[in-house]
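Below you'll find the structure, written out as C-alpha cells, and then a few comments.
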Amino acid sequence: RTIYINGEYVAEEEARVSVFDRGFLFGDGIYEVTAVIDGKLIDNDLHLARLERSLKEISIPMPLPVDEIVKVQQELRDRNGLTEGVIYLQVTRGEADRDFGYGEDMKPNFIAFTQNKNLVNANSVKNGVAVDIVPDNRWARRDIKTVMLLGQVLAKKAVKANGFHEAWLVEDGFVTEGASSTAFILTGDNVIVTRPNSHAVLPGCTRRAVMKIIEEENLTLEERLFTVEEAAAAQEAFLTSASSLVTPVIRIGDRTIGDGKPGPITRRLQGIYLDLAR
Ligand code: PDD
C-alpha cells in the first residue's frame with residue numbers, strides 16, 4: 001500500500017512517525033473514516049466538515065484546505081486501486097518532547113491510508129448482527145472524533161469475546177451509541193428513534209444521511225433518549241457508520257429483535273442508502 005504522510009506518498013514500510021508524536025503519547029489527535037464504494041467517496045463532505053470541526057474543538061489547525069484533502073484521498077484511492085473499502089485520515093497535534101502542555105508552534109502530523117474491505121456484501125450488512133450492552137466508560141466529549149479510543153477498544157473486545165459484533169454503550173440506563181456506530185431502533189407505531197446529538201455521542205455522518213432518507217420517505221423520526229429495555233423490546237433495530245453503512249441489528253444481548261431477521265423498514269433504508277451511494 002501507498003501511505004500519505006505530510007505531503008508525501010510513500011510505501012507503507014517507509015511511513016514513519018516520531019515516538020514523540022502527541023497522538024502516540026497522549027491520544028492528542030483527530031481521525032476520520034470515509035467509505036469508498038465502486039471508487040466513490042461516500043458522504044465525504046460530511047466527514048471533512050466533521051474533521052474540521054473536531055480539529056477546531058481541540059485547537060489543531062487543518063493540515064490542508066478541504067479541497068486539498070479530497071485530492072489526497074483521491075490520489076491514495078487511485079494509487080492503491082481502491083474500489084471498495086475505507087480511507088482513513090489522521091491529524092495529530094505534532095511532535096514535541098513529552099509535556100502535557102504544548103506550544104503554539106506545533107506542526108500537525110497528517111497521515112492517510114486506505115483499507116480494502118467488502119462493505120456492501122459484508123455478512124453483517126446482509127444478515128444483521130447481534131449487539132451487547134456495556135457501560136459507556138468514555139470521556140465526556142464524545143462529539144469530538146479523537147484517536148483516544150481505549151473505551152471503544154475495551155468495549156468491543158468485551159463483546160466480541162462473547163460472539164457479539166458490536167457494543168451498544170449505556171449511560172444512566174440510556175443507550176448512547178455503538179462503540180463505532182450510531183444506534184437506531186424502531187418502536188411503537190413505526191417510529192424510528194435515535195439519540196439527539198450532544199457531547200455524549202459522535203454526530204454520525206451516516207446518521208445524517210439516513211435521517212435525510214427517513215424524511216424523504218415520510219417516515220417518522222424521533223430524536224430522543226431510549227433505554228436498554230426499550231431497545232430490547234423494539235420491532236427493529238439497526239446501526240450506521242461509514243464502514244458498516246446501514247447494518248440490521250437482530251439481537252441485543254439475549255433478546256431477539258422482532259423475528260430475528262432484518263426488519264422491513266431497516267431493509268428499505270439500507271436499500272435506499274446503498275442506491276444513493278452507488
Ligand atoms: N466510527 N459513533 C462512534 C463512536 C463512531 O466511532 C462512529 C464511526 C460512528 C458513526 O459515524 P459515521 O457514520 O460518521 O461513520 C458513531 C468509524 C467508522 C471508525 O471509528 O472506524
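The values are calculated or read from the model by the stated rules, or taken from the named source; none is laboratory data. Only a predicted model underlies this, so the values are computations on that prediction, with no experimental measurement involved. Heads up, the Cβs are rebuilt from the backbone with ideal geometry, glycines too, and the neighbour counts pull from every protein chain shown.
Here are a few things to note about the model shown:
- Of the criteria (1) touching a helix residue (DSSP H, G or I) at 6+ places or on another chain (Cβ under 7 Å); (2) surrounded by fewer than 22 Cβ atoms within 10 Å (Cβ to Cβ), which one CYS205 fails: (2)
- Selection status of VAL86, away from the ligand (no atom under 15 Å from the Cβ) and either under 30 Å from VAL125 (Cα atoms) or in a helix (DSSP H, G or I) (or both): no
- Screening segment 128-168 for residues that are of a type in the set (Asp, Glu) and under 15 Å from the mean Cα position of the chain (by Cα) and picking the one that is surrounded by the most Cβ atoms within 10 Å (Cβ to Cβ) gives GLU166.
- Scanning segment 169-193 for residues that are away from the ligand (no atom under 11 Å from the Cβ) and either in a strand (DSSP E or B) or surrounded by 24 or more Cβ atoms within 10 Å (Cβ to Cβ) (or both) turns up VAL170, GLU171, PHE174, VAL175, PHE184, ILE185, LEU186, THR187, VAL191, ILE192, VAL193.
- Of all residues in segment 149-164, those that are part of a loop (DSSP other than H, G, I, E, B) and touching a strand residue (DSSP E or B) at 6+ places or on another chain (Cβ under 8 Å) total 3.
- Test: residue in segment 143-158 that is at pLDDT 95 or above and touching a His at 6+ places or on another chain (Cβ under 8 Å): yes
- Matching entry among ARG50, ARG79 (being in contact (Cβ under 8 Å) with a residue 40 or more places away in the chain, away from the ligand (no atom under 16 Å from the Cβ) and surrounded by 14 or more Cβ atoms within 10 Å (Cβ to Cβ)): ARG79
- The set of residues from segment 124-167 being in contact with an Asp or Glu (Cβ under 7 Å, 6 or more places away or on another chain) and closer than 19 Å to SER243 by Cα comprises VAL129, VAL131, ILE144, LYS145, VAL159, PHE164, ALA167.
- Residue within segment 222-237 that is at pLDDT 95 or above, basic (Lys, Arg) and either outside any loop (DSSP other than H, G, I, E, B) or crowded, with 21+ Cβ neighbours inside 10 Å (or both) present: no
- When LYS126, LYS107 are screened for being closer than 24 Å to GLY163 by Cα, more than 16 Å from the ligand (Cβ to nearest atom) and among the charged types (D, E, K, R), only LYS126 passes.
- Residue, nearest to the ligand (Cβ to nearest atom), within segment 242-254, restricted to residues that are among the hydroxyl-bearing types (Ser, Thr, Tyr) and surrounded by fewer than 23 Cβ atoms within 10 Å (Cβ to Cβ): SER243
- Only one of VAL125, VAL72 that is surrounded by 15 or more Cβ atoms within 10 Å (Cβ to Cβ) and under 30 Å from ARG268 (Cα atoms): VAL125
- Lone qualifier among ILE111, ILE185 - being touching a residue at least 40 places away in the same chain (Cβ under 8 Å) and not assigned by TED's automatic domain parsing to the domain that holds ILE252: ILE111
- The number of residues in segment 25-47 being assigned to a helix (DSSP H, G or I) and touching a residue at least 24 places away in the same chain (Cβ under 8 Å) comes to 5.
- Segment 137-150 residues that are of a type in the set (Asp, Glu), paired with ones that are within 12 Å of the ligand (Cβ to nearest atom) (beta carbon under 8 Å, 6 or more apart): ASP143/ASN197; ASP143/ALA200; ASP143/VAL201; ASP143/LEU202; ASP143/PRO203
- Qualifying residue in segment 211-218 (condition: within 16 Å of the ligand (Cβ to nearest atom), surrounded by 14 or more Cβ atoms within 10 Å (Cβ to Cβ) and assigned to a loop (DSSP other than H, G, I, E, B)): no
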